[in-house]
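Just below is one structure, and these are the notes that go with it.
Any read-out appearing in this document is the output of simple, stated calculations on the displayed coordinates, not a laboratory observation. The structure displayed is predicted, hence computed values, not measured ones. So basically every Cβ, Gly included, is an ideal-geometry build from the backbone, and we count neighbours across all protein chains shown.
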Amino acid sequence: MRKLAILTFQTLDGVMQAPSVPEEDFSGGFTQGGWANECWGEVMEQVGREAMAEPYDLLLGRTTYEIFASSFANSASDNPTAEKLNNAKKYVVTSTLKQLQWQNSQQVTGDIAAEISRLKEQDGPLLQVHGSWQLIQTLLSNRLIDEFRLWTFPVVVGAGKRLFAEGTVPSELKLTKFESCPSGAFMNFYQPY
């Protein structure tokens, strides 16, 4: 059996929409994209050390899959982050993409909660979810998350897609790891009790 962890960048007010690229996600009229850029380099160094050093498979929603594939699928072989992402098995929750071009990608359809439960029952490395707001809402409502790996940035943007959106099932979490960055961004890892 393997665990499932979400890896999420969020603002101080809990928004996770479009952290790195202003044009990443305009849905809902969101215009504050790129809010993480001031702290990006030091946070990504921390992410590489704390969350991406050990083997993992990826579980991604369609939009995040398309963003990652366009950024990493054809990256130079001397890019260690791209190499890890390219070599990871990618499970993609989508009903609209019929062909997945990025190597090692497999479509997940049907009863998503049941399919993800089945993936968790298999042997294999950690399942990591990056971004994928809509998928995370499904995981939250079905209590399928074993670890929350959160990076919180010292910025407030007001409206946007929030990690813990309205309707989130109340739960208690225990802090398992914490580290701050000189920029004021901080990493918190939590596990459900």
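What share of the DSSP beta bridges in segment 4-192 is antiparallel, in percent to the nearest 5?
Of those bridges, close to 35 percent are antiparallel.
Net charge near Asp57, counting Lys/Arg +1 and Asp/Glu -1 over other residues with Cβ under 9 Å of its Cβ?
On the way: positive: Arg2, Lys89, Lys90; negative: none.
Local net charge: +3.
Within a 10 angstrom radius of the beta carbon, how do Met187, Met1, Met16, Met44 rank from fewest other beta carbons to most? Provide the component values of the computation, followed by the final result.
On the way: Met187 19, Met1 7, Met16 24, Met44 16.
Starting with the residue having the fewest Cβ neighbours, the order is Met1, Met44, Met187, Met16.
Let me make sure I get this right: for segment 68-127, a, b and c are the square roots of the gyration tensor eigenvalues over alpha carbons, sorted descending. Under 1.5 in a/c it's rounded, otherwise prolate if a/b > b/c, else oblate. Which is it? Spell out each step's value before the answer.
Values: a/c = 3.47, a/b = 1.55, b/c = 2.24.
The shape class here is oblate.
Just how far, in whole angstrom, is segment 1-50 from segment 137-193 if you go by their alpha carbon centroids?
11
With +1 on the Cβ of every Lys and Arg and -1 on the Cβ of every Asp and Glu, and nothing else charged, how large is the dipole of segment 57-193 about its Cα centre, in debye rounded to the nearest 20? Please list the in-between numbers first.
Numbers: 13 positive and 13 negative charges, 38 e Å.
That gives a dipole near 180 debye.
Rounded, prolate or oblate, given the Cα gyration tensor of segment 69-193, with a/c below 1.5 counting as rounded? Provide the component values of the computation, followed by the final result.
Values: a/c = 1.63, a/b = 1.18, b/c = 1.38.
It is oblate, given that a/c is not under 1.5 and a/b is not larger than b/c.
Return the calculated 222 nm mean residue ellipticity for the chain, to the nearest 500 deg cm²/dmol, obtained by summing -39500 (n - 2.57) across DSSP H runs with n ≥ 4 and dividing by the residue count. Could the numbers behind the result be given before it?
Working: 5 runs with 49 residues, N = 193.
-7500 deg cm²/dmol, from helical runs alone.
Using DSSP loop states and a limit of at most 10 other Cβ atoms within 10 Å to flag GluC sites (Glu not before Pro), what is the longest stretch of the chain containing no flagged site? Intermediate values should be presented prior to the final figure.
Details: sites that count: Glu23, Glu166, Glu172.
That would be 24-165.
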